[in-house]
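The values are calculated or read from the model by the stated rules, or taken from the named source; none is laboratory data. Nothing here was measured: the structure is a model prediction, and the numbers come from that model. Note: ideal-geometry Cβ built from the backbone for every residue, glycine included; neighbour counts use all protein chains shown. When the accessible area is computed, the model is the full protein with side chains, heavy atoms only, and any ligands, DNA or RNA have been set aside. Shrake-Rupley method; radii C 1.70, N 1.55, O 1.52, S 1.80 Å.
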Amino acid sequence: MKKIMLIGKTGSGKTTFCQAYKNQELIYKKTQAIDFMDELIDTPGEYIENRVYYKALIVTSNECDIICFLNDPTSDESFLPPGFASMFNKETIGLITKIEKSSNENIKKAEENLKLSGVEKIFKIDNFSKKGFEKLENYINSLS
């Protein structure tokens, strides 16, 4: 099973994604520290929002196979620097969360932000209905 590290700003849906992916009850909670949950590594939003924590993300990435950047299209802020994926030298994918609350225009902006950060493969998901999860799981399972 592939280990996936989630990176995104505070409120982008990382913890909710973890809960949905593991078929747990969806309860909002603020991630205060790196949380290792079997195949998922949930990182605090502050780790992408403050450059001083980039080293913690790089060190933690050694524990995973796939880096996953999350982008919330309901927010005007991204915090994902251009080319950020190149820092990890690992398979890096993007998740656009909260698609059920977003306009097509905002989803396209989120997609552009992810592409600028160096992500090529992007999945649009809804943590509550689990729309897009099957495509994501099929892709993860296809990686050797």
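Take the residue pairs K90/K121; K9/K109; K29/K98; K29/K135 and return only those whose Cα atoms are more than 19 Å apart. Exceeds cut-off: K29/K135.
Determine the gain in length on full extension of the stretch N104-E120; use 0.36 nm per residue of separation and subtract their C-alpha separation, reporting nm with one decimal. Kindly include the intermediate steps, with their values, before the conclusion.
Numbers: separation 16, 0.36 × 16 = 5.76 nm, distance 1.91 nm.
In short, 3.8 nm is gained.
Set the Förster distance to 25 Å, then compute FRET efficiency between S129 and Y28 from the Cβ-Cβ distance, nearest 0.05. Could the numbers behind the result be given before it?
Details: r = 17 Å, r/R0 = 0.68.
After rounding to 0.05, the efficiency reads 0.90.
Helix-derived [θ] at 222 nm for the chain: sum -39500 (n - 2.57) over DSSP H runs of at least 4, divide by residue count, nearest 500?
Values: 5 runs with 43 residues, N = 144.
The helix contribution divided over the chain gives -8500 deg cm²/dmol.
Do any GluC sites (Glu not before Pro) in the range 54-131 lie in a loop, going by DSSP, with at most 11 other beta-carbon atoms within 10 Å of their beta carbon, and if so which? Numbers along the way, then the final one.
Details: sites: E63, E77, E91, E100, E105, E111, E112, E120; in loops: E63, E77, E120.
Here the GluC sites (Glu not before Pro) that fit, given the DSSP loop and packing criteria, are E63, E120.
Given R₀ = 35 Å, FRET efficiency for S144-D76 by Cβ-Cβ distance, to 0.05?
0.40
In the context of the full set of protein chains, the chain has a per residue accessible area of 53 Å² (1.4 Å probe).
Expressed as a whole percent, the accessible surface of the chain that belongs to carbon and sulfur atoms is 46, based on a 1.4 Å probe. Among T74, T97, T43, the residue with the largest mean-square fluctuation in a Gaussian network model of the chain, with springs joining Cα atoms closer than 10 Å, is T74. Once Cα extents along the principal axes in Å is calculated for the structure shown, the corresponding label among (1) 34, 32, 29; (2) 84, 36, 21; (3) 43, 34, 31 turns out to be (1).
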